[in-house]
Structures are given as C-alpha cells and as structure tokens.
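Presented below is the structure to which this report refers.
The values are calculated or read from the model by the stated rules, or taken from the named source; none is laboratory data. On a predicted model such as this, the values are computed, not experimentally measured, just so you know. Glycine also receives a Cβ, built like all others from the backbone with ideal geometry; neighbour counts cover every protein chain displayed. Surface accessibility is based on the protein's heavy atoms, side chains included, excluding ligands, DNA and RNA. Shrake-Rupley method; radii C 1.70, N 1.55, O 1.52, S 1.80 Å.
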Amino acid sequence: MSKIKEMTLIALLSAILTISKEILAFLPNIELVSFLLILFGRHFKLAHSLLIATIFCFLQIILYGFGDWSIMYFIMWNGLVLISYHTKNIFKNEHQLALFSGAFGLVFGMFFAFFYLVFSFEAALAYWLKGLFFDLIHGVGNYLIMLVLYEKTDKYIGEIFKEL
C-alpha cells in the first residue's frame, strides 16, 4: 500500500472516530470510539492504530479545547489500542471482547481521578465517585455495542483494511 493511501486511510479513520463520537454525544457515555479502537488495534499495524488514536485525541482538543481531561485521553485511548493489539490472540470471540470493552468503560473515569491525587486521596475518590454512574453507563454501553456490532464489523474491517 502506498504511503499516500495509508495516510489517507489513517486520516479517514480518525475522522470517523470523531464523527461517531459527536453523533452520539447526546447520549451520556455511549460511544463507538472504544469499539472501533479495539478493532483497529486487533487488525492494523500498531503504529497505524496508535496514530489513529492520537489524531482523534488532537481533534477532540480542537473541538473542546485543552482541559484536565486532554492528557488522559492520549493515555487512555492509546492504552486501549496497545492492550487490544497485544491481546488479539487472547480475546477470541465477541463475549470476551464485550467483557474487555465493558471493563474499559467501567474504569475509564477512575483513571481520570488519578490527577486529583495531587490534591488529596479524598479529592480523587470524590471525583471518581461523582462520575461512577456515568462509568457504569459507559461500561454497559461498551459491552452491548461489542456484542451487537462485533461479528460483522470485525470481518468487514479485517477484509477491507487488511493492508493497513
């Protein structure tokens, strides 16, 4: 595959992540980003998947400005890609991937609370507990999205983008 085609696909997939997040923004913590990044991590070269996640993070900063969440976005989304890439031979079906994706949604807010440890353990705990309901929604949403969309989407991405 030519470098131009690779760069175009990376830009397109980064834009698809951003668009999918914005389309579902009216639903609290229901998103396709986790689902798609897991699939990208499983099918694409690691460098390409990480680049897609990084561009997505920069696009979010362009849309929403730089905030205390910005650095964690880079860590969390690229971390999801890394874990997905390195566990592609461990998680073999949609049920295992649904549990993994759901667990990622559940702990998402907990990792954001780490920044508040600078102030105190109580501040970090309060931050995490404040968002726990939304983490539950995130986890359940990720779980259900993976169960419903995985089989056909996985085959499609594996066939269409096999060179990326």
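Name the residue that is farthest from S20 (Cα to Cα), counting only residues in the range 145-164 that are open to solvent by 90 Å² or more (accessible area, probe 1.4 Å) and not basic (K, R).
Once the filter is applied, the top-ranked residue is E163.
Considering only the range 77-96, I want to know if a residue exists there that is closer than 30 Å to M1 by Cα, aliphatic (A, V, I, L, M), touching a helix residue (DSSP H, G or I) at 6+ places or on another chain (Cβ under 7 Å) and surrounded by 16 or more Cβ atoms within 10 Å (Cβ to Cβ).
Checked the range 77-96: at least one residue is closer than 30 Å to M1 by Cα, aliphatic (A, V, I, L, M), touching a helix residue (DSSP H, G or I) at 6+ places or on another chain (Cβ under 7 Å) and surrounded by 16 or more Cβ atoms within 10 Å (Cβ to Cβ).
Please tell me if L32 is over 25 Å from F133 (Cβ atoms) and modelled with pLDDT of 95 or more.
Spelling it out, it is not the case that L32 is over 25 Å from F133 (Cβ atoms) and modelled with pLDDT of 95 or more.
What do you reckon, is G139 within 17 Å of L37 (Cα to Cα), small (G, A, S), touching a Leu at 6+ places or on another chain (Cβ under 6 Å) and surrounded by 14 or more Cβ atoms within 10 Å (Cβ to Cβ)?
On the way: within 17 Å of L37 (Cα to Cα): yes; small (G, A, S): yes; touching a Leu at 6+ places or on another chain (Cβ under 6 Å): yes; surrounded by 14 or more Cβ atoms within 10 Å (Cβ to Cβ): yes.
Considered against the rule, which asks whether it is within 17 Å of L37 (Cα to Cα), small (G, A, S), touching a Leu at 6+ places or on another chain (Cβ under 6 Å) and surrounded by 14 or more Cβ atoms within 10 Å (Cβ to Cβ), G139 comes out as yes.
If I filter the range 114-122 for residues that are within 17 Å of the chain's Cα centre (by Cα), assigned to a helix (DSSP H, G or I) and either closer than 25 Å to L9 by Cα or of a type in the set (V, I, T) (or both), do I get at least one hit? Before you say what the answer is, go through the steps one by one.
First, pick out the residues of the range 114-122 that are within 17 Å of the chain's Cα centre (by Cα): none.
Within the range 114-122, not a single residue is within 17 Å of the chain's Cα centre (by Cα), assigned to a helix (DSSP H, G or I) and either closer than 25 Å to L9 by Cα or of a type in the set (V, I, T) (or both).
G102 - would you say it is in contact with a helix residue (DSSP H, G or I) (Cβ under 7 Å, 6 or more places away or on another chain), open to solvent by less than 20 Å² (accessible area, probe 1.4 Å), under 25 Å from D154 (Cα atoms) and not β-branched (V, I, T)?
So G102 passes the test.
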